[in-house]
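Here's the structure we're looking at; comments come further down.
The values are calculated or read from the model by the stated rules, or taken from the named source; none is laboratory data. Here the structure is a predicted model, which is why all the values come from computation and not from measurement. So basically every Cβ, Gly included, is an ideal-geometry build from the backbone, and we count neighbours across all protein chains shown. Only protein heavy atoms, including side chains, enter the accessible area calculation; ligands, DNA and RNA are left aside. Shrake-Rupley method; radii C 1.70, N 1.55, O 1.52, S 1.80 Å.
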Amino acid sequence: MPLSGKKILLGITGCIAAYKACYLVRYFKKAGAEVKVVLTQSATKFVTVTTLETLSDNPVAVEMFPVDRFVATHHISYAEWADLIVIAPATGNIIGKIANGIGDDLLTTIVMAKQSDVMIATAMNTEMFNNPLVQENIAKLQKLGYIFVMPGSGELACHTVGVGRLEEPENIYQRVVEYFSGAKSLSGKRVIVTAGPTIERIDPVRYISNFSSGKMGYALAQEAAIRGADVTLISGPTALDTPVGVKRIGIESAQELLEALKSAYSSCDILIMAAAVADYRPAKYSKKKLSHPTPDKIELAANADILAEIGKMKKASQTNVGFALEVDSNVDNALKKLKAKNLDMIVMNNPTLPGIEFGGDYNAATLFAAKGKPVTLDRMTKAQMAARIIDAIERLKR
Ligand code: CTP
C-alpha cells in the first residue's frame, strides 16, 4: 500500500470544502496511512468531530486547552508524531497566520512546532485568493519550503466562477503519495521551454523585437525542474536569472531559435513554446551602422513559423504546447493555431488586459487541448500559472 506506515496529520480549516477532507481521510486510510485530524474552531461549523473520528479511527483534536483531557504539550507531540502535515482545505486566514509566525490555536501552534514538511491545499473565493496579501503570504511560505496544492477554477460556493476551488481530494492524495515515494511527476522526462523575445538585428546598433520579459517561460522551466524534469530553456535576451537546475541556451534571432530547437527537439518529451518570436527580420543585416534608416530602406523577410516547422517533426510520444497571444481573446484564432501548428495544447492569453500586462508577474489564460474541455485560469502569479499549465500537460500525458 502506497502510504503504509506513514503518519499523516490532517489539519482542516473553516471552509465549505471541508467536507472534501473527509474523502481525503478515507484515501489516506485505504492507502495504509495512520491519520490524525485537527480541526480549527471554524472547521467544526462545516464538519463534525464524530465524522472525522469515525473515518480516521483516532481521536480528533480541536482545542488547545480542552477542559476534559490531559493534554499538556500536545501541540509538540502532534508535531513530533507527523511524517507530513497536510492542511486541506486551507483558508487565507491560516496561510496568513503561518506566514507571519502566529500560533493562536492548536493547528497553528502545531505548524509552528513542525518537524515535518507541510502541504497546504488552498481554497477560497477568487478575490480573496488574488488579494496581494494572500499571494505574498503564499510566496513567502513557498520560499520556506511549504508545499502548495493550488486551487482549481470552477463554480465556487459563493456562486461565482473563478479560481479558488479546493483541488479534488484524489489529486491531493496523489500529491501526498508522490511526496512519500520521492517520485517526482516529471522525473525521467525531457522538457524544452522556449522563452523571451527574439531580436532581429538591422545594423550593429538597431534591432526589431517585442516586449516579452520571458517571465512566463522561465516560471514554466522552473516548475518543470521542480517536478524532476531534465529541462532545457532556450531563451532570447532577458534580464532574468537562469532557474535553478535548468540548462539555458541563449539565442538571439528566430533563426537561431529554430536551429537550437531542431537539434534538441527529437529527444524531448515535452516542448513548451513560450517565446515571443518576431514574425519578420530585416532581409539584410548591415554590418555598418546605417545613417537614419527610414522604413523604406529596411526590407523585411518573414521568419519561419518555428512551432509549425517543429510540429511536422512531432512523434506520437511527444507533446507540443504553444501560446496564442490574442488581443481580442479570439478563441477561433487560438484554435486555428492549435491545429495549424499540430499542437496538443495552446495557452491563450491577452497581455493587453489590465492587471496582466507584458513584463508583469501575473497572467490569466485559457487552456485549449486538442481533446477535452477548455480550462480557464483567472489572474494568478506566473509561478502559479506555470504549475497549472504543467498540471494540464501531465493530465494530457496520462
Ligand atoms: N511562434 C513560432 N514562430 C513564429 C511565431 C510564433 O513558433 N514565427 C509560436 C509562438 O512561440 C507561440 C505560437 O507560435 O507559441 C503562437 O504565436 P502567436 O504570435 O500568437 O501567433 P502567430 O502564429 O504568430 O499569429 P499572429 O501573430 O498573426 O496572431
Given charges at beta-carbon only (K, R positive; D, E negative), |dipole| of the range 1-136 in Debye: 380
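Quick one: compute the contact order of the chain, relative version, from alpha carbon pairs under 8 angstrom and 6+ residues apart, as a percent.
Dividing the mean separation by the residue count of the chain yields 11 percent.
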GNM top mover of LYS312, LYS382, LYS97 - the chain, alpha-carbon springs below 10 Å: LYS312
Whole-Hz ³J(HN,Hα) from phi, Karplus 6.51 cos²θ - 1.76 cosθ + 1.60, for the range 239-245, glycine and proline x: 9, 9, 6, 5, x, 4, x
With eigenvalues of the C-alpha gyration tensor scaled by 5 and rooted, the range 200-343, Å: 28, 19, 15
Electrostatic dipole magnitude of the chain [Cβ: Lys, Arg +1; Asp, Glu -1; Cα centre; debye, to 20]: 1100
On Cα atoms only, tilt of 331-340 relative to the major axis of the chain in degrees: 70
Selected from ILE102, ILE272, ILE87 as most flexible by GNM, with the chain as the system and alpha-carbon contacts under 10 Å: ILE102
In sequence order, calculated HN-Hα J values of the range 31-46 (Karplus, 6.51, -1.76, 1.60; Hz; x Gly/Pro): 7, x, 7, 9, 10, 10, 10, 10, 9, 7, 4, 5, 4, 5, 6, 10
Value of [θ]222 nm, deg cm²/dmol, for the chain, DSSP H segments ≥ 4, -39500 (n - 2.57) each, nearest 500: -10000 deg cm²/dmol
Cα-centre dipole for the range 144-296 with unit charges at Cβ (Lys and Arg positive, Asp and Glu negative), debye to 20: 680
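Quick one: net charge around ALA278, please, counting Lys, Arg +1 and Asp, Glu -1 for every other residue with C-beta under 13 Å from its C-beta.
That sum, taken over residues with Cβ under 13 Å, equals -3.
Can you tell me the length gained on complete extension of the stretch ALA139 to LYS184, counting 0.36 nm per residue apart and subtracting the Cα distance? Mind dumping the intermediate values first?
Numbers: separation 45, 0.36 × 45 = 16.20 nm, distance 2.13 nm.
Full extension of this stretch gives 14.1 nm more.
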Cut-off 11 Å between beta-carbons: net charge of the residues surrounding ALA121, Lys and Arg +1, Asp and Glu -1: +1
Cα lying deepest toward the dipole's positive end in the chain, options ALA31, LEU107, ILE310, charges on Cβ: ILE310
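Please tell me the relative contact order of the range 97-153 in percent, rounded to the nearest whole number, where contacts are Cα pairs under 8 Å and at least six residues apart.
Here the relative contact order equals 39 percent.
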Nearest-ten-degree value, helix 132-143 long axis tilted from longest Cα axis of the chain: 90
On Cα atoms only, tilt of 382-397 relative to the major axis of the chain in degrees: 90
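May I ask you to give the percent of accessible area on the chain that is carbon plus sulfur, with a probe radius of 1.4 Å?
53
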Rg over Rh [alpha-carbon atoms, Kirkwood Rh] for the chain: 1.05
Too-long pairs where the Cα-Cα distance tops 18 Å, listed order kept, from LYS215/LYS397; LYS189/LYS247; LYS7/LYS114; LYS20/LYS45: LYS215/LYS397
Charge sum, other residues only, whose C-beta stays under 12 Å from ASP305's C-beta, Lys/Arg counted +1 and Asp/Glu -1: +1
Gap separating the Cα centres of the range 290-350 and the range 154-232, nearest whole Å: 19
The range 190-397, relative contact order [Cα under 8 Å, separation at least 6], %: 20
Listed residue (GLN142, PHE46, LEU240) projecting farthest to the positive dipole end of the chain, Cβ model: LEU240
³J(HN,Hα), Karplus 6.51/-1.76/1.60, whole Hz, each residue of the range 204-213, x for Gly, Pro: x, 10, 10, 8, 9, 7, 8, 8, 4, 8
GNM flexibility winner over the chain from MET313, MET150, MET345 (Cα, springs under 10 Å): MET313
